[in-house]
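Q: Below you will find the structure I want to go over with you.
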Amino acid sequence: MSTLDGTVAAPSTRPLPLASRQDGEYPRPQMLRGAWADLDGTWAFRNDGDDPAWRSGFPGARDITVPFPPESVASGIGEPGFHPVVWYARTITRADLDAAGLVGTASRVLLHFGAVDHRARVWIDGQFVGEHEGGHTPFTLDVTEHLTTEHPTAGPDAPHTLVVRAEDDPHDLTQPRGKQDWHEDAHAIWYRRTTGIWQTVWLEAVPATSIGYLRWTNVDHATVRLTVRLHGAPLAGARVRVRAWWDERDEQLAVVETAVGATATEVEVMVPIARQANGQAEDELAWTPETPRLVDATVTLLDRDGTPVDAVASYFGLRTTAVGAGAFLLNGRPYDVRSVLNQGYWPDSHLAAPSRAALRREVELIKELGFTAARNHQKVEDPRFLYWADRLGLLVWGEMPGAYAFSPRAVQRFVREWMEALERDASHPSIVTWVPANESWGVQHIATDPAQQAYARALADVARALDPTRPVVSNDGWEHPASDIVTIHDYEGDGAVLARTYADDAARAALFHGMGPAGRRVLVGGAVDEGQPVMLTEFGGVDHQPGERREDGWGYTSATDGDDWIARITALYDAVRASTFLAGSCWTQLTDTMQETNGLLNADRSPKMPIDQIRRAVTGR
């Protein structure tokens with residue numbers, strides 16, 4: 001069936017992709033146009049100074065492969081030491097602009113960065129065009145005047161020079177940094193750094209007034225709310241049309257049209273899905289890990305005459321998440337969350353995936369191992385991973401990378417980036433829980449400091465304010481000041497001991513009213529047991545190195561061989577399965593990551609034992 005809702009005059013008449021069946025290449029998978037220009041690949045690179053003259057370019061510099069960080073082998077640089085300031089440069093050609101869909105003088109050109117760690121400043125032909133702070137979230141610059149103005153001497157098709165300066169102070173603990181080490185060499189549970197550009201850079205041409213942002217919100221089992229934000233000058237008399245259909249059955253679900261105010265830059269569209277009124281059939285379209293059904297949509301901006309001005313392809317999933325009666329609720333029903341801790345770190349490319357195909361394979365491996373969920377740990381993951389989680393069916397916990405200092409500057413930085421992460425990912429049906437903090441990182445004295453308690457509550461409340469449709473974990477692991485799910489980290493290696501700790505309601509009461517694992521209280525700051533779901537969100541971590549052993553490799557406990565390893569996993573999962581109150585769990589961890597050799601998979605994603613044996617240990621069947 002056709003996926004284009006009308007003929008779009010600008011920026012391109014190329015057909016829109018089918019969003020639910022895209023190939024995983026598009027950097028923004030829930031808002032697709034027919035054309036875009038990928039700027040990844042070979043750039044010039046310097047990390048040997050900080051010269052303002054480089055704003056116009058620097059011939060003769062080393063080559064780097066973007067988007068891989070300079071610390072990584074994949075980048076071609078492979079220098080794992082400190083890089084407080086790095087510079088990048090590449091040319092933008094007429095062919096790049098054509099690929100981006102630039103048509104006519106009315107079109108605008110947008111330059112998108114998926115993520116640049118930590119602070120980026122950007123120039124084109126020596127002219128400053130914008131900046132962004134926050135190493136895990138995207139930003140966009142309108143660079144039309146810099147790329148479409150004819151060069152006074154070189155002509156209209158002359159290439160332009162794009163320069164990016166990235167500043168990433170490895171010793172600044174107020175930066176949200178996640179698992180990136182502030183020591184020169186990786187130690188304990190921290191890994192080598194990811195500096196500078198580490199997600200895709202790309203160009204896109206759009207009309208003078210265009211669709212700039214979409215957000216899908218599940219109101220209930222039968223209605224979604226679409227928020228559309230416009231970019232450019234207000235368009236008098238404009239309307240937004242939404243068409244939604246179930247492509248798998250070629251079934252149209254809704255067509256809705258809403259007027260845009262004369263000066264408005266944002267509009268909300270309620271999209272009722274009439275077929276869901278039949279309660280006996282509503283599960284047919286409901287999104288779950290077992291039935292990851294996606295609804296395709298086109299969103300079209302129309303002028304006062306009804307002529308399409310801009311159109312994008314998108315998708316959403318019909319599903320609700322909540323907590324109640326001590327359970328996590330998916331679509332109103334208890335759902336046992338069987339999760340794995342996913343660091344999203346590769347040995348040759350660090351936080352950047354080695355390929356776009358690797359993001360799909362990561363989701364596939366998690367499901368093959370028997371998990372229904374992933375806790376993306378201390379990382380705002382590439383949106384294309386979330387697309388595959390949406391499409392293939394994987395619950396995801398959206399977690400913010402932590403900072404390690406508590407100060408006004410740390411608070412300001414973290415809150416700003418946390419809000420950007422929430423905005424970027426709120427439409428993905430796979431994300432079912434928000435996690436702003438982990439193990440009291442950045443709030444190390446939360447047990448006794450009212451200011452740090454207030455901060456943790458505020459981070460959770462920011463998520464609830466911006467997205468009241470998902471549960472929030474205030475401080476994953478322990479010391480919860482206000483949490484919709486109470487989560488506990490416990491690396492007890494004896495299955496029998498673990499079984500006693502989480503056996504029944506009496507054991508639950510003991511956890512809540514005494515001292516928990518790692519000598520940390522479960523609740524702080526006046527929080528009380530309100531019957532929230534309890535999950536064991538880090539456990540296991542059993543070291544097993546079937547090949548060449550790392551001298552610095554470690555786990556929380558160690559297996560003697562493969563059979564002992566499987567037996568230990570089974571015993572620990574048997575303890576979890578025997579609990580009468582645990583609503584979910586998260587195994588540490590998916591892959592070996594540098595010195596942490598406690599993965600179910602080796603660092604290269606090969607299984608340490610046959611996958612069916614691991615899956616049987618994890619699932620009990």
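The values are calculated or read from the model by the stated rules, or taken from the named source; none is laboratory data. Please read these numbers as outputs of a predicted model, since none were measured by experiment. Virtual Cβ from ideal backbone geometry, glycine too; neighbours counted across all protein chains shown. Protein only, heavy atoms only, side chains kept; ligands, DNA and RNA dropped before computing areas. Shrake-Rupley method; radii C 1.70, N 1.55, O 1.52, S 1.80 Å.
Q: Take the range 500-554, drop everything but the C-alpha atoms, weight them equally and run the Debye formula without solvent; then report log10 I(q)/I(0) at 0.12, 0.15, 0.18, 0.25 Å⁻¹ to two decimals.
A: These q points yield log10 I(q)/I(0) values of -0.45, -0.59, -0.71, -1.11.
Q: Any idea what diffusion coefficient the range 266-410 gets from Stokes-Einstein, in µm²/s, Kirkwood Rh on alpha carbon pairs, 4 °C, 1.567 mPa s? Can you show the working numbers first?
A: Details: Rh = 18.1 Å.
Roughly 71 µm²/s, to the nearest whole number.
Q: Farthest toward the dipole's positive end in the chain, which of Pro176, Ala313, Thr580, given Cβ charges of +1 (Lys, Arg) and -1 (Asp, Glu) about the Cα centre?
A: Ala313
Q: A further question on this structure: In Å, what Kirkwood hydrodynamic radius results for the range 390-544 from the alpha-carbon pair distances? Intermediate results must be reported in sequence, preceding the final value.
A: Values: mean 1/r = 0.0613 Å⁻¹.
Averaging 1/r across every pair of different Cα atoms and inverting gives 16.3 Å.
Q: Additional query: Give the accessible surface of the range 162-212 per residue, rounded to a whole number of Å², with probe radius 1.4 Å and ligands, DNA and RNA excluded. It would help to have the intermediate numbers written out before the result.
A: On the way: 1260 Å² over 51 residues.
On a per-residue basis, 25 Å².
Q: Let me ask something additional. Taking only C-alpha pairs under 8 Å that are 6+ residues apart, what is the relative contact order of the range 538-598 in percent? If you can, show how the numbers build up before the last one.
A: Working: 76 pairs, mean separation 30.0, N = 61.
Contact order relative to length: 49 percent.
Q: Along each of the three principal axes of the Cα atoms of the range 477-621, give the extent in whole Å, ordering the values from largest to smallest.
A: 49, 31, 22
Q: Could you calculate the contour length gain from Met270 to Val256, that is, 0.36 nm times the residue separation minus the distance between their Cα atoms, to one decimal place in nm?
A: Residue separation times 0.36 nm, minus the Cα-Cα distance, leaves 4.3 nm.
Q: Any idea what log10 I(q)/I(0) is at q = 0.21, 0.23 Å⁻¹ for the range 173-281, Debye with uniform C-alpha scatterers and no solvent?
A: The computed values of log10 I(q)/I(0) come out as -1.10, -1.23.
Q: Roughly how compact is the range 239-302, stated as its Cα Rg over 2.2 N^0.38 Å to two decimals?
A: On the way: Rg = 14.1 Å, N = 64, 2.2 N^0.38 = 10.7 Å.
After normalising by residue count via 2.2 N^0.38 Å, the value is 1.32.
Q: What is the extension gain from Asp529 to Gln127, computed as 0.36 nm multiplied by their sequence separation minus the C-alpha to C-alpha distance, in nm to one decimal?
A: Details: separation 402, 0.36 × 402 = 144.72 nm, distance 5.69 nm.
Value of the extension gain: 139.0 nm.
Q: Once every Cα of the range 362-456 carries one equal point scatterer and solvent is ignored, give the base-10 log of I(q)/I(0) from the Debye formula at q = 0.16, 0.22, 0.23 Å⁻¹, two decimals.
A: Summing over Cα pairs of the range 362-456 leads to -0.70, -1.04, -1.09.
Q: So, one more: For Ile197, enumerate residues with amide H under 5 Å from its amide H, sequence gap 5+ or separate chain, H modeled in the peptide plane.
A: Distant-sequence amide H within range of Ile197: Asp117.
Q: What is the dipole size for the chain, taken about its Cα centre, with +1 at each Lys and Arg Cβ and -1 at each Asp and Glu Cβ, in debye to the nearest 20? The partial results should precede the final answer.
A: Details: 58 positive and 85 negative charges, 198 e Å.
My answer is approximately 940 debye.
Q: From the phi of every residue in the range 284-297, what ³J(HN,Hα) in whole Hz does the Karplus formula 6.51 cos²θ - 1.76 cosθ + 1.60 yield, where θ is phi - 60° and glycine or proline is x?
A: 4, 9, 5, 8, 9, x, 7, 9, x, 8, 10, 9, 7, 8
Q: Let me ask something else about it. Assign unit charges at the C-beta atoms only (+1 for Lys and Arg, -1 for Asp and Glu), then state the dipole size of the range 297-401 relative to its Cα centre in Debye, rounded to the nearest 20.
A: Here the size comes out at about 320 debye.
Q: Where Rh is the Kirkwood radius over the Cα pairs of the range 85-244, the temperature 4 °C and the viscosity 1.567 mPa s, what D in µm²/s does Stokes-Einstein return?
A: Numbers: Rh = 18.4 Å.
Once the numbers are plugged in, D ends up at 70 µm²/s.
Q: How big, on average over all directions, is the shadow cast by the Cα convex hull of the range 547-621, in nm²? List each step's numbers first, then the result.
A: Numbers: hull surface 21.1 nm².
Orientation-averaged projected area of the Cα hull: 5.3 nm².
Q: Turning to a different aspect of this structure: Whole-Hz Karplus ³J(HN,Hα) for the range 525-539, in order, using 6.51 cos²θ - 1.76 cosθ + 1.60 and θ = phi - 60°, x for Gly and Pro?
A: x, x, 5, 10, 6, 10, x, 4, x, 10, 10, 8, 9, 8, 7
Q: If you don't mind, another one. On the protein heavy atoms, probe 1.4 angstrom, tell me the percent of accessible surface of the range 95-204 carried by carbon and sulfur. Walk me through the numbers on the way to the answer.
A: On the way: 1920 of 3880 Å².
Ligands and nucleic acids excluded, carbon and sulfur give 50 percent.
Q: Among Pro347, Ala374, Ala405, whose Cα lies farthest out toward the positive end of the dipole of the range 301-413, if unit charges sit on the beta carbon of Lys, Arg (+1) and Asp, Glu (-1)?
A: Result: Ala405.
Q: Using only helices, what value at 222 nm comes out for the chain when you add -39,500 (n - 2.57) per DSSP H run of length 4 or more and divide by the total residues, to the nearest 500 deg cm²/dmol? The partial results should precede the final answer.
A: On the way: 10 runs with 111 residues, N = 621.
My calculation for the chain gives -5500 deg cm²/dmol from helical runs alone.
Q: Still on this model: Could you list the residues of the range 21-52 with an amide nitrogen less than 16 Å from a label point located 7 Å from the Cα of Thr93 in the Cα-to-C-beta direction?
A: 37-44
Q: I need to check one value: relative contact order of the range 455-518, counting alpha carbon pairs closer than 8 Å and at least 6 residues apart, in percent. Intermediate results must be reported in sequence, preceding the final value.
A: Details: 56 pairs, mean separation 13.3, N = 64.
The value is 21 percent.
Q: Here's something else I'd like to know. Two-decimal Rg/Rh of the range 339-416 from alpha-carbon positions, Kirkwood Rh? Walk me through the numbers before you get to the answer.
A: Values: Rg = 14.1 Å, Rh = 13.5 Å.
Result for the range 339-416 is an Rg/Rh of 1.04.
Q: Residues of the range 106-150: accessible area per residue at 1.4 Å, in Å²?
A: On the way: 1480 Å² over 45 residues.
With all protein chains present, the range 106-150 gives 33 Å² per residue.
Q: Expressed as a rounded percentage, what relative contact order does the chain have, with Cα pairs under 8 Å and six or more residues apart? Intermediate results must be reported in sequence, preceding the final value.
A: On the way: 1558 pairs, mean separation 78.4, N = 621.
It comes to 13 percent, rounded to a whole number.
Q: Treating only the Cβ of Lys, Arg, Asp and Glu as charged (+1, +1, -1, -1), what charge dipole size does the range 349-465 show about its Cα centre? Round to the nearest 20 debye. Mind showing how you got there, number by number?
A: Values: 14 positive and 14 negative charges, 33 e Å.
Roughly 160 debye for the range 349-465.
Q: Find how many whole Å separate the alpha carbon centroid of the range 234-286 from the alpha carbon centroid of the range 430-507.
A: Rounded to whole Å, the Cα centres lie 36 Å apart.
Q: Please compute the net charge surrounding Val109, taking Lys and Arg as +1 and Asp and Glu as -1 over other residues with Cβ under 11 Å from its Cβ.
A: On the way: positive: Arg108; negative: Asp96, Asp142, Glu145, Glu204.
Summing Lys/Arg as +1 and Asp/Glu as -1 gives -3.
Q: Still on this model: Using 1/(1 + (r/R0)^6) with R0 = 41 angstrom and r between the beta carbons of Ala567 and His187, what's the FRET efficiency to the nearest 0.05?
A: Details: r = 30 Å, r/R0 = 0.74.
For R0 = 41 Å, the calculated efficiency reads 0.85.
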